[in-house]
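The values are calculated or read from the model by the stated rules, or taken from the named source; none is laboratory data. All values derive from a computational prediction rather than experimental measurement. Cβ atoms come from the backbone with ideal geometry, glycine included; neighbour counts cover every protein chain shown. Keep in mind that these areas ignore ligands, DNA and RNA; they rest on the heavy atoms of the full protein, side chains included. Shrake-Rupley method; radii C 1.70, N 1.55, O 1.52, S 1.80 Å.
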Amino acid sequence: AWLSINVKNPKFADEKVRRAIQYALDVSQIMEGSYSGLAAPATGVVPPALVGHRDQILYPADAAKAQALLEEAGVSGLTVELAAQNDKTSQLTCQIIQALLGAVGITVDIKNYDDGVYWTLGDKSSGETWKTLELVLMNFAGGVDPSENLTWFRPSQIGVYNWSQFDSPEFEALYQQGMAETDQDKRAGIYRKMQDLMEKSGGFVFITHETFAAVVRKGLKPSIMADGYLDMTRFAKS
């Protein structure tokens, strides 16, 4: 799960504004308020178990820095829209983001959508809203290789799943390099650098890798895929 900031939107044209949003968001508060302390803050889109996981983010929460950057940018009275799905966890997270940004002088207008409408927002085949998106609370099910998590942020994904419109030729070059590299330590360095580029762009605030829980009846042997999905067709009696 992460907060997507549309870097091509005029409201966020100044990198200082995007960086201010990153500094303003104390993700630990989201962990407590939205996840009851059962999840941990993410440092990128590559989770701890995979090659290329980062130990820490580049811009940890600092409200004073956020306010200073907004002042340097000459921005005051900024109002932004935050789009999200209408499930309980997303709405709690939006309210916390609203409060944290409000504390540094940014007003957040939360827009709730059901799944059917939500997934068309950043899709260029569904209209023009992908160009005007501001902030979006996003999440997706990851894969078992870092490349599966990073592929969605390549330039070719703008107007598809790259709703931040993060457009980095260096990112694409590193992606191709990582796909061809067989040395795991070198791959790890490549994928960490790719996540650094994402964060430096100001287009992302990484939130968490959501906890997945499965409860099964005694005597039932479930089939849980590597990405957390349940394969009902492979359930069996034990």
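In the context of the full protein assembly, Lys111 retains an accessible surface of approximately 70 Å², using a probe radius of 1.4 Å and ignoring ligands and nucleic acids.
The accessible area of Met179, taken with all protein chains in place and a 1.4 Å probe, comes to roughly 100 Å².
Heavy-atom accessible area with a 1.4 Å probe sorts Tyr23, Tyr229, largest first, into Tyr229, Tyr23. To the nearest ten degrees, helix 88-102 and the longest principal axis of the Cα atoms of the chain are 20 degrees apart.
Surface listing: Arg217, Arg154 arranged by accessible area from highest to lowest gives Arg217, Arg154, probe 1.4 Å. Amide H to amide H distances under 5 Å link Glu81 with Asp109, Leu135, where only residues 5 or more positions off or on other chains count and H is placed in the peptide plane. Return a whole-number percent for the relative contact order of the chain, with Cα pairs under 8 Å and 6 or more residues apart as the contact set. Once normalised by length, the contact order is 29 percent. At a Förster distance of 35 Å, what's the computed FRET efficiency of Ala236 paired with Asp196, Cβ-Cβ distance as r, to 0.05? After rounding, the FRET efficiency stands at 0.20.
If you take the beta carbon distance between Glu128 and Met179 as r and set R0 to 35 Å, what does 1/(1 + (r/R0)^6) give as a FRET efficiency, to the nearest 0.05? All intermediate terms of the calculation are to be shown ahead of the outcome.
Working: r = 33 Å, r/R0 = 0.93.
It comes out at approximately 0.60.
Taking each residue as 0.36 nm, the span from Val160 to Thr120 lengthens on full extension beyond its C-alpha to C-alpha distance by 13.5 nm.
Principal-axis analysis of the Cα atoms of the chain puts helix 184-200 at an angle of about 30° to the longest axis. Here the accessible area of the stretch 1-147 is 50 percent carbon and sulfur, with a 1.4 angstrom probe and all protein chains present.
The long axis of helix 169-180 is offset from the longest Cα principal axis of the chain by roughly 20 degrees. When the chain is treated as a Gaussian network with alpha carbon springs shorter than 10 Å, the biggest mean-square fluctuation among Ser201, Ser223, Ser76 belongs to Ser223. Could you go through the stretch 63-75 in sequence order and give the Karplus-derived ³J(HN,Hα) for each residue, using 6.51 cos²θ - 1.76 cosθ + 1.60 with θ = phi - 60°, rounded to whole Hz, and x for Gly and Pro? So the Karplus estimates, Gly and Pro as x, are 4, 5, 5, 4, 5, 4, 5, 5, 5, 4, 7, x, 9 Hz.
Quick check for me: using +1 on Lys/Arg Cβ and -1 on Asp/Glu Cβ, what's the dipole size of the stretch 135-238 about its Cα centre, in debye to the nearest 20? Mind showing how you got there, number by number?
Numbers: 11 positive and 13 negative charges, 144 e Å.
Magnitude of the dipole: close to 700 debye.
Largest mean-square fluctuation among Ala83, Ala73, Ala61, in a Gaussian network model of the chain whose springs join Cα atoms under 10 Å apart, belongs to Ala73.
Take Trp152: with every protein chain present and a 1.4 Å probe, its accessible area is about 90 Å².
With +1 assigned to the C-beta of every Lys and Arg and -1 to the C-beta of every Asp and Glu, and no other charges, what is the dipole magnitude of the stretch 32-177 about the Cα centre in debye, to the nearest 20?
Values: 7 positive and 18 negative charges, 17 e Å.
So the magnitude is around 80 debye.
For the stretch 1-61, compute Rh as the Kirkwood radius over C-alpha pairs and then the Stokes-Einstein diffusion coefficient at 10 °C and 1.306 mPa s; write the answer in µm²/s, rounded to an integer. Translational D for this selection: 121 µm²/s.
3J(HN,Hα) couplings calculated from phi for the stretch 45-51 with the Karplus curve 6.51 cos²θ - 1.76 cosθ + 1.60 (θ = phi - 60°) are, in sequence order, 8, 9, x, x, 7, 9, 4 Hz; Gly and Pro show x. Please build a GNM for the chain, connecting alpha carbons under 10 Å apart, and tell me which residue among Pro169, Pro146, Pro222 fluctuates the most. Result: Pro222 has the largest fluctuation of those listed. 3J(HN,Hα) along the stretch 141-154: 7, x, x, 9, 10, x, 4, 5, 7, 8, 4, 6, 10, 6 Hz, from the Karplus curve 6.51 cos²θ - 1.76 cosθ + 1.60 with θ = phi - 60°, whole Hz, x for Gly and Pro. Amide H contacts of Ile207 (H built 1.01 Å from N, in plane; Pro and chain starts excluded): Trp2, Leu3, Ala42 sit under 5 Å, all sequence-distant by 5 or more or on other chains.
Label sites at Lys221 and Ser28, each approximated as a point 7 angstrom past Cα along Cα to Cβ, lie 4.4 nm apart.
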